[in-house]
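We did not get these values from a lab; they are worked out from the coordinates using the rules stated. Predicted model only: the values in this text are computed from it and were never measured. Glycine also receives a Cβ, built like all others from the backbone with ideal geometry; neighbour counts cover every protein chain displayed.
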Amino acid sequence: MASQLIFRRFKSTSIMPPQVSSLKEIGRLQSAHPQAHPQLFSAMKNFYAAVPKGPAPKTTATTLRDRYYETYIKKDSFVPVLHFLGVMVPLSYYLAYFKGGHYHPSTEFH
């Protein structure tokens, strides 16, 4: 039952643009010849002419976050883990030692 439902769903999907695959537009298409509905077929032609062809253009990373992502994260590098530890270890030491409540510059430790 589930496989029939999945097959029926994929069978009903369409790659045609929405303005052509709507029931109202399909009802207008009584002829298989493009000359019968020039405005509809010209709209479809303009739609497919605007679709980009070929591979996506390469973009260059401009921000620091994008450059970091392309350099380390996109390549599945272990370096971001080391960067995280290199920031968090001194920061946690600072927070625990100076902001933990036991240190005061004018009194001794107890």
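Give me the extension gain from Thr59 to Tyr93: residue separation times 0.36 nm, minus the current Cα-Cα distance, reported in nm with one decimal.
8.2 nm
Hey, if you put +1 on the Cβ of every Lys and Arg and -1 on every Asp and Glu Cβ in region 37-90, which of Phe41, Leu64, His83 ends up farthest toward the positive end of that dipole?
Among Phe41, Leu64, His83, the one farthest towards the positive end of the dipole of region 37-90 is Phe41.
Starting from the Cα-Cα distance between Val81 and Gln39, subtract it from 0.36 nm times their residue separation and give me the gain in nm to one decimal.
9.3 nm
Residue separation times 0.36 nm, minus the C-alpha to C-alpha distance between Glu70 and Ala49: what's the value?
Residue separation times 0.36 nm, minus the Cα-Cα distance, leaves 4.3 nm.
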